1. Given the conditions (1) surrounded by fewer than 20 Cβ atoms within 10 Å (Cβ to Cβ); (2) out of contact with any Lys or Arg (no Cβ under 8 Å at 6 or more places or on another chain); (3) more than 20 Å from LEU4 (Cα to Cα), which single one is not true for SER71?
2. Looking at the stretch 104-120, which of its residues are within 22 Å of the chain's Cα centre (by Cα) and in contact (Cβ under 8 Å) with a residue 40 or more places away in the chain?
3. Pull out all pairs, ordered by first then second residue, where Cβ-Cβ is under 7 Å, the residues are six or more apart or on different chains, the first lies in the stretch 61-74 and is touching a residue at least 12 places away in the same chain (Cβ under 8 Å) and closer than 13 Å to THR9 by Cα, and the second is surrounded by fewer than 21 Cβ atoms within 10 Å (Cβ to Cβ) and basic (Lys, Arg).
4. Name the one entry in ILE58, ILE48 that is in a helix (DSSP H, G or I), at pLDDT 95 or above and either crowded, with 22+ Cβ neighbours inside 10 Å or out of contact with any helix residue (DSSP H, G or I) (no Cβ under 9 Å at 6 or more places or on another chain) (or both).
5. Does LEU134 satisfy the condition of being touching a residue at least 24 places away in the same chain (Cβ under 8 Å), surrounded by fewer than 21 Cβ atoms within 10 Å (Cβ to Cβ) and hydrophobic (A, V, I, L, M, F, W, C)?
Amino acid sequence: MDDLRTAPTVGIVGCVLYLLALAVPYLLVETTSAVGAYYDSGALSPVIPAVFALVAIIVFAAGREGRTDPSVAAGAAIVLGLFIVGLTLLWATTVPVSLVLGLTESTLIEHHRWAVVVVALSVPLGAAWFARALRLF
């Protein structure tokens, strides 16, 4: 297995999964304004880490394809991944539980914010694997 190609691909997949995880409430809740309130009710909206995830996709791909120095791409991806996890965790811990429980009768939404945090962890893990494959640490 070629870790120099697989590791950034895992990071890209992690970013895409993160973006898809943010879209799940739109499938579970009937009114989109309720989802907007859910995302806006925390300390900050997870739209900011979503933008970081989009940038991280570009960084991973550029490092994998050699369009950017792979060591710089791996370092930037680690930083972006840590920001994604940190900001998502900040949002998840500050969303009022009463708002989450009031969104829908589905129990899936209760655990959504924590699932998003877990999925977010795949981004810095993929970046760390990429840095390790480059023998940066």
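The values are calculated or read from the model by the stated rules, or taken from the named source; none is laboratory data. Nothing here was measured: the structure is a model prediction, and the numbers come from that model. With ideal geometry, Cβ positions are generated from the backbone for all residues, glycine too; neighbour counts draw on all protein chains shown.
1. The single condition SER71 does not satisfy is (3).
2. The answer is LEU108, ILE109, HIS112, ALA115, VAL116, VAL119, ALA120.
3. Note: pairs meeting the criteria are ARG64/ARG5.
4. So the residue among ILE58, ILE48 that is in a helix (DSSP H, G or I), at pLDDT 95 or above and either crowded, with 22+ Cβ neighbours inside 10 Å or out of contact with any helix residue (DSSP H, G or I) (no Cβ under 9 Å at 6 or more places or on another chain) (or both) is ILE58.
5. yes
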